[in-house]
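Q: Sending over a structure as structure tokens; questions will come in a sec.
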Amino acid sequence: MSLPDVYSAEPIPDSARPEIDRLLQSADLFRYTAPEDAPVALLEAEFAALLGSKYALAVSSCSAALFLSLKALDLPRDAKVLIPGFTFAAVPSSVVHADLQPVLCEVGENYRIDIADFTAKLDEVQAVIISHMRGHTSDMDAIMALCDAKNIPVIEDAAHSLGTTWNGRNIGTIGKIGCFSFQSYKLVNAGEGGILVTDDADLVARAVIMSGAYEHTWQKHKAPEGENTGDLQAAFARWQNKLPLYNLRLGNLSAAIIRPQLPEVARRVRDGRANHDYVASRLNESAWMQVPDKLAPEERAPDSIQFNLVDMDDAQIAAFQSAAQTRGLKVQVFGASKDNARAFWNWQFVPNLPELPQTRKMLMKACDVRLPARLKKDELDAIADVLMAAVQDVMAPRQAIA
Ligand SMILES: *Cc1c(COP(=O)(O)O)cnc(C)c1O
């Protein structure tokens, strides 16, 4: 069995075509032209309903959603925001972009926030971004209890966690605001795009205006059916003309590509989880590879697998990577690949970048392999076989027969 292509995404469902044709014909690509029911507005209503949130705002990327979330919180300039030391560079970037200061917190061997370090740093900050990196959910019960007690708002970066649940509740709906990505490597692919969800009328009104709802285009943002629309209208009226416009809107074509994928989410989650758990069970048979357990309240939605190399030094880790590469599989070790955007020491745009010894140690042995939901069992076995053989090559080369 040859190795599958793990980089290309699933085809966009054929059901997207009539709407895309209609948009090409009408050239009605801007979300605020149609009097109502523009594809972007329909996407927002459908996404909010899917997640069980009151409001959604679709924007140009998850980075834009994170930036607008921070701006919506109306924090004073240079306020500190606690973020995990293991996340994508977009997260500290959004904090810097919003004229705020990131404070980095240690992450454990299981890729999740170290609650002791989080607790120790919480008093310095005025907001928190929890990044569910690669879909690994941090302990949201502990985090929400700590933050609620101090009245610190929590933004969830769920870019890579669509479909993950915590105690049965959708990730992204536990904090004050949740942010998701439609970039091509995420569960729903529009090339680019993002969306934020919240139950807070004031926050969403601020984010809507700053996303580029100039004049009274915000009138096209509705409260969900059965909700009191008064709160939202009052919030828009309160913020009219008071906020800058950053123009981070999503266009109708992107929404037309995203909407037909929403009914596919449940299947992608189910298959992605089964694929991940199957490969995890194979890798865990090796003494040198360990896939951390999920937390008990968590049901994951993985489209990749992360595992730690055990009892291997840096030279052995490098040899493992090249043995896998020789067999045709690219294994990324987060801390070992040059200029990796998920290694905190490469976020040199952050002032006073700290050292995080525990997170660094994890990054130097944590491997990342893409595992899209569309893979079949023989393809999963081919990937697991390569990983097992590569680790065997390095750690237990077969003795030559005398
Ligand atoms: C992809 C990703 C982002 C950024 O999403 P964009 O839509 O590309 O801006 C942020 N955080 C995490 C954890 C991601 O995986």
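Bear in mind that the values in this text are calculations on the coordinates, not laboratory data. Quick caveat, the model's predicted, so the values are computed rather than measured. Here the Cβ is made from the backbone with ideal geometry for all residues, glycine too, and neighbour counts use every protein chain on show.
Q: Roughly what would the spin-label model give for Ala145 and Asp78, points 7 Å off Cα along C-beta, in nm?
A: About 3.6 nm separates the two model spin labels.
Q: List every residue whose amide H lies under 5 Å from the amide H of Ser131, counting only residues 5 or more places away in sequence or on a different chain, with H placed 1.01 Å from N in the peptide plane.
A: Asp157
Q: Here is a follow-up. Could you tell me the distance between the Cα centroids of region 74-93 and region 190-206, to the nearest Å?
A: 18
Q: Label region 110-259 by shape, choosing from rounded, prolate and oblate, from the square roots a ≥ b ≥ c of the eigenvalues of the Cα gyration tensor; if a/c is under 1.5 it is rounded, and otherwise prolate applies when a/b is larger than b/c, oblate when it is not.
A: In terms of gyration-tensor shape, oblate.
Q: Order of Met210, Met388 from fewest to most other C-beta atoms within 10 Å?
A: Listed from fewest to most nearby Cβ atoms, that is Met388, Met210.
Q: Hey, what number do you get for the chain at 222 nm if only DSSP H runs of n ≥ 4 count, each worth -39500 (n - 2.57), divided across all residues, to the nearest 500?
A: Taken over the chain, the calculation gives -11000 deg cm²/dmol.
Q: Under 8 Å for C-alpha pairs, at least 6 residues apart: give me the relative contact order for the chain, rounded to a whole percent.
A: Relative contact order of the chain: 21 percent.
Q: Then there's this: Sorted by packing (mean other beta-carbon atoms within 10 Å per residue), highest first, where do 158-165, 330-337 land?
A: Put in order of decreasing packing, that is 158-165, 330-337.
Q: Neighbour counts of other C-beta atoms within 10 Å: give me Ile83, Ile174 arranged from fewest to most.
A: Ile174, Ile83
Q: Could you give the dipole magnitude of the chain about its Cα centre, charging the beta-carbon of Lys and Arg +1 and that of Asp and Glu -1, in debye to the nearest 20?
A: About 440 debye.
Q: So how far apart, in nm, are the two label points at Val265 and Ala389 if each is 7 Å from Cα heading toward Cβ?
A: In this crude label model, Val265 to Ala389 measures out at 3.9 nm.
Q: Looking at region 201-255, which trypsin sites (Lys or Arg not before Pro) are in a loop (DSSP not H, G, I, E or B) and have at most 16 other Cβ atoms within 10 Å?
A: Passing both the DSSP loop test and the Cβ count: Lys222, Lys242.
Q: Report the GluC sites (Glu not before Pro) located in region 261-338 that are in a DSSP loop and have at most 15 other Cβ atoms inside 10 Å of their Cβ, or state none.
A: Sites meeting the loop and neighbour criteria: Glu285.
Q: Rounded to whole Å and ordered largest first, report the semi-axes of the equivalent ellipsoid of region 192-333 derived from its Cα gyration tensor (root of 5λ).
A: Here the semi-axes work out to 46, 18, 16 Å.
Q: Okay, moving on. Cut-off under 18 Å on the C-alpha distance; same-chain residues fewer than 8 positions from Lys220 excluded. Which lysines are left, in chain and number order?
A: Lys54
Q: By a straight-distance test (C-alpha under 16 Å), which aspartates and glutamates pair with Lys361 as possible cross-link partners, with residues fewer than eight away in the same chain excluded?
A: Cα-Cα hits under 16 Å: Glu106, Glu109, Asp114, Asp117, Asp311, Asp313, Asp314.
Q: What FRET efficiency would be calculated for the residue pair Ala116, Ser322, taking the C-beta separation as r and a Förster radius of 35 Å, to the nearest 0.05?
A: After rounding, the FRET efficiency stands at 0.45.
Q: Compute the convex hull volume of the Cα atoms of region 1-144, divide it by the residue count, and report the result per residue in Å³ as a whole number.
A: Given the Cα convex hull of region 1-144, per-residue volume reads 186 Å³.
Q: Could you work out how far apart the two model spin labels at Phe349 and Glu46 are, taking each label as a point 7 Å from the Cα in the direction of the beta carbon, and quote it in nm?
A: In this crude label model, Phe349 to Glu46 measures out at 3.3 nm.
Q: With a/c under 1.5 counting as rounded, go ahead and sort region 124-166 into rounded, prolate or oblate using the C-alpha gyration tensor (a ≥ b ≥ c being the square roots of the eigenvalues; past the cut-off, prolate if a/b is larger than b/c, else oblate).
A: prolate
Q: A further question follows. Once the Cα gyration tensor of region 109-180 is diagonalised, what are the square roots of 5 times its eigenvalues, in whole Å and ordered largest first, as equivalent ellipsoid semi-axes?
A: Whole-Å semi-axes of the equivalent ellipsoid: 19, 13, 11.
Q: Per q in 0.11, 0.12 Å⁻¹, report the Debye log10 I(q)/I(0) for the chain, using one uniform scatterer on each alpha carbon and no solvent.
A: These q points yield log10 I(q)/I(0) values of -0.82, -0.96.
Q: Going by how many other Cβ atoms sit within 10 Å of their own, how do Leu250, Leu75 line up, fewest first?
A: Placing the least packed residue first, the sequence is Leu75, Leu250.
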